[in-house]
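Quick note: the coordinates plus some simple rules give every number you see, no bench work behind them. Keep in mind the model is a prediction, meaning the values are calculated, not measured. Note: ideal-geometry Cβ built from the backbone for every residue, glycine included; neighbour counts use all protein chains shown.
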Amino acid sequence: MDAIVAEGLEKRYQDVQALAGLSFSVRAGEVFGLLGPNGAGKSTTVKVLTTLTTPDRGRAEVAGHNVVREADAVRRSIGYVPQSSGVDRDATGRENLMLQGHVQGMSGAKLKARVQHLLELFGLADAADRVVRGYSGGMKRRLDVGLGLVHGPQVLFLDEPTTGLDPEARAAMWDELAVLAREELLTILLTTHYLEEADALTHRLAIVSRGRVVVEGTAEELKGSLEGEAVVVELADGAVEDAAAVVRAVAEVREVSTDGRLLRSRVANGARAVPTILAALDGRGIAVESVTMHRPSLDDVYLHYTGRDFRSEDEAGGGGEE
Amino acid sequence: MRAAAVHTWFMVGRQARNLMREPIWIVLLLVQPMIWLLLYGQLFKRVTHLPGGGFGTTSYIEFLAPAIVIMNAFFGATWSGMAMVSDLDRDVIPRFLATPVSRVSLVVSQIVRSALTALIQGIVILLVSLALGVRVHAGVLGWVVVLLAAMLMNSAFAGISQGLALLTRKEATMIAIANFIGLPLFFLSSTLISFRQMPHWMRELGKFNPVNWGVVAAREVVLPGADWGSVGLHLALLAALTVATAGFATWTFRVYQRQL
């Protein structure tokens, strides 16, 4: 059964087409990632699926309920962890959880026990009765996730769950989420613009670009769909464009892109292509600092399917969604 | 409807807990009205003897005290939207919107919290006034009227403040608007001086000033010989205004939701 179905979602904000026919589906029990740069349409997708906003066109179902016509049923079946926290910083961790339970229609001993369980699960039992203002970034984020889980939802939405966390807290959050997915029998949809995060956490993912899903599959499938290997040449000086032209002329090479002094390309067979590339560069007197070869990463997948480099896209993006 | 009431109860509970956690704020917010009451009350105590009068008493502090309760409720209300701005900034509101929580309760609870603050502060100001020799001539019913007027005064303008918070979502804009409308309404009321001492045009303008409605209602019951018809009329005007501004706040909440 599909826990989330999105079909041809469209949404326009004044002059920005945030969603342009976005479709994907998530099976029950799956951890699914929406991957893409800022402004790609990930947050808007989450807002539609969590009933915060309505699509201009298209259809979406969450936990078997239509997000527009059965919004209240959807709201009872989901947990939502917004991008910038959402906790009441002036209340204690326990008070935050209790209130969330109350508005989800829970009460009494059952709610108290559930809150205590979540506090322990997220390592917040000692801090439970302290005001959230004094929590660390990681603790606050764990409480956020706890808030989304109070009523035992079927589907949990995490919008950029680790943005703004230091590397240590991020790694801890990854571990927590992995445990949750296994033990709470949840369907999790998370958005991220960290390729590593999508790789580490999700069973399947969709790459979103300009309001559309460009490709959907497991990280391995996506990487596997790119044949051959990635070759990255680091140049000694700045003549990147000249070097790119030279490398493009080499027969075996595809998808050449530049990034600072780095020259990325994909080749069918690295062992054969690298000497040819180096010889061609040497022939033009272009000095090379280093050469590395690797199996395709999600970076390469992103570049392949969108024709754009992930990092430069991320810097150029933004605006649209927030 | 029932859900709206239950959820409002929980949301007010949240606000009240946060407020009580730092009760120092209630005290700090009382410093300003106390300064008005104690300093201004002493400085101008002779104004009741001005020719033309219109004060209804010879004790300036008795004339001033109920108006200070109203003034405090009014100025408190103009800040009430700040809590909403902070909830919007921190995504607290979007988090609640993804739950079945009653949408109305998210706005109404802010107004109720604001009115409760005005109530507590009103009681404190009245108690201090008693210590200064003020007498509430209408007795217990008088207390009820003064505090009710304060709560309605506060709710009416809290509704506007919440609406502005939802439309502008910026603290700086809120402060600018609060100052822009706050001081003129205050000085165009009979808070500090009787209407009969004011220029004719101010008197006429003052009739349409909601701050003045609150001041008149509260002052009638503190001074001897209350005109209950006037009290009822002014309370009813405030109640109507409260309903209207709460409607405005709810409408702006829908505008905000549409922008999500």
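Observations, loosely collected:
- Other protein chain Cβ atoms within 10 Å, averaged over every residue that makes up B:85-94: 4
- Straight-distance crosslink candidates among aspartates and glutamates, where the alpha carbon sits under 17 Å from B:Lys207 and sequence neighbours closer than 8 are dropped: B:Glu220, B:Asp227
- Listed residue pairs exceeding 27 Å between alpha carbons, taken from A:Lys112/A:Lys140; A:Lys47/A:Lys140; A:Lys11/A:Lys223: A:Lys11/A:Lys223
- Local electrostatic count at A:Glu289 - Lys and Arg +1, Asp and Glu -1, tallied over other residues with Cβ under 15 Å: -2
- Once both labels are positioned 7 Å from their Cα atoms along Cα-to-Cβ, the gap between B:Trp9 and B:Gln42 label points is 4.8 nm.
- Number of partner chain Cβ atoms within 10 Å, mean per residue of B:6-14: 3
- Cut-off 12 Å between beta-carbons: net charge of the residues surrounding B:Trp251, Lys and Arg +1, Asp and Glu -1: +3
- Summary of the geometry: the range B:169-231 and the range A:4-61, compared by the centres of their Cα atoms, lie 51 Å apart.
- Projecting the Cα atoms of A:Gly8, A:Met98, A:Ala198 onto the charge dipole of chain A (Cβ charges, centred on the Cα centre) puts A:Met98 farthest toward the positive pole.
- Spacing of the two label points (7 Å from each Cα toward its C-beta) at B:Asp227 and A:Asp129, in nm: 5.6 nm
- Average partner coverage of A:93-100, which counts Cβ from other chains inside 10 Å: 3
- Exposure proxy order (Cβ contacts within 10 Å, fewest to most) of B:Ser59, B:Ser155: B:Ser59, B:Ser155
- Using R0 = 22 Å, the C-beta based FRET efficiency linking A:Leu185 and A:Ser297 works out to 0.10.
- Rounded D (µm²/s) - the protein assembly as shown, Kirkwood Rh over Cα pairs, Stokes-Einstein at 10 °C, 1.306 mPa s: 57 µm²/s
- The ranking of A:Ser209, B:Ser189 from fewest to most other beta carbons within 10 Å of each one's beta carbon is A:Ser209, B:Ser189.
- Using R0 = 51 Å, the C-beta based FRET efficiency linking A:Glu221 and A:Ser107 works out to 0.65.
- Total formal charge among the other residues, if their Cβ is under 14 angstrom from that of A:Asp88, Lys/Arg +1 and Asp/Glu -1: +4
- About the Cα centre, charge dipole magnitude for the protein assembly as shown (Lys/Arg +1, Asp/Glu -1 at Cβ), debye: 2880 debye
- Note on chain A: helix-only mean residue ellipticity at 222 nm, from DSSP H runs of 4+ residues weighted -39500 (n - 2.57) and normalised by residue number, equals -11000 deg cm²/dmol.
- Between 0 and 90 degrees, the angle of helix B:210-222 with respect to the longest Cα principal axis of chain B falls at about 50 degrees.
- The magnitude of the dipole of the range B:167-254, with charges of +1 and -1 set on the Cβ of Lys/Arg and Asp/Glu and taken from the Cα centre, is near 220 debye.
- For the peptides A:105-118, B:200-213, A:42-55, A:291-304, the ranking by packing is A:42-55, A:291-304, B:200-213, A:105-118, with the highest mean count of neighbouring Cβ atoms within 10 Å listed first.
- Taking A:Val231, A:Val62 and counting other C-beta atoms within 10 Å, the order from fewest to most: A:Val231, A:Val62
- The protection proxy used here, the mean number of other Cβ atoms lying within 10 Å of each residue, ranks peptides A:211-221, B:36-46, B:107-117 as follows, highest first: B:107-117, A:211-221, B:36-46.
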